[in-house]
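What follows is a short report on a single structure.
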Amino acid sequence: MKNTKLIILYLLSLVLLFPLISCTQKTYAADTIGYYFSDVISLTDDGFKFQNIDWLSNQASIEYKVPNTIYNAELNRLETDKNITTNIDSITLYYLHEDQFVTGEYIIITNTESDFEMFLTEVKKQAKEFFKSQQPMGNSLEDLSFEHPVSWEGENKSYFRIRCFEHEQEGIFTISLIVEL
């Protein structure tokens, strides 16, 4: 009888503790870091491309290649967003000028400084590997911070930039990867 009570008490504690433990498990940002450079930027013989979309493509061709975009008429751009984890989002922007694609931007948004620092470290590492034979125009990757963006120039005068922002009022941090013609 005593063993039966112990077994019932043990099972009851497992039943009560299991939901508590599973609810407190968290997807850590480190598990969500992908290889951004292959998805965001590609290097051609004469410069850079954003998500392998041809420069000066029209809105319809971008919507065909990226079907879940929403057009923002006020800002003349296509937008997509993705929730990576509860603390991390991403936004992809496709800027148009006279219905021609001229700039792409991938933005990582975090609401904790620790996630921001972790993503920034990974972005620097990937940029260093991606650009191992090309130096940035001004600041080095070691200088990359809120005050110091880093830029590279392609042969065709296309540019790739990495910029960081802290939005104090909203309590968010962003890393922006920009490719422009």
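The values are calculated or read from the model by the stated rules, or taken from the named source; none is laboratory data. Worth saying up front: this structure is predicted, and the values here are computed from it rather than measured. So basically every Cβ, Gly included, is an ideal-geometry build from the backbone, and we count neighbours across all protein chains shown.
Quick one: in segment 96-132, which of the residues that are within 24 Å of TRP55 (Cα to Cα) and free of Cβ contacts under 8 Å to residues at least 24 places away in the same chain is surrounded by the most Cβ atoms within 10 Å (Cβ to Cβ)?
PHE131
Please specify each residue of segment 70-117 satisfying the condition of being in contact with a helix residue (DSSP H, G or I) (Cβ under 6 Å, 6 or more places away or on another chain), at pLDDT 95 or above and part of a loop (DSSP other than H, G, I, E, B).
ASP99
Which one of ALA127, ALA60 is assigned to a helix (DSSP H, G or I), under 17 Å from TYR159 (Cβ atoms) and out of contact with any Lys or Arg (no Cβ under 7 Å at 6 or more places or on another chain)?
ALA127
For segment 47-65, give me each residue that is of a type outside the set (A, V, I, L, M), out of contact with any helix residue (DSSP H, G or I) (no Cβ under 9 Å at 6 or more places or on another chain) and exposed (fewer than 15 other Cβ atoms within 10 Å of the Cβ).
ASN58, SER61, TYR64, LYS65
Can you work out which of the residues in segment 133-181 that are closer than 18 Å to SER90 by Cβ and touching a Gly at 6+ places or on another chain (Cβ under 9 Å) is surrounded by the most Cβ atoms within 10 Å (Cβ to Cβ)?
Only one residue tops the list, namely PHE160.
Mind checking which residues of segment 167-180 are at pLDDT 95 or above and either among the acidic types (Asp, Glu) or not in a strand (DSSP E or B) (or both)?
Passing the criteria: only GLU180.
Could you please find all residues in segment 52-95 being more than 18 Å from PHE165 (Cα to Cα), of a type in the set (A, V, I, L, M, F, W, C), touching a strand residue (DSSP E or B) at 6+ places or on another chain (Cβ under 6 Å) and free of Cβ contacts under 8 Å to residues at least 40 places away in the same chain?
Result: ILE62, ILE70, LEU78.
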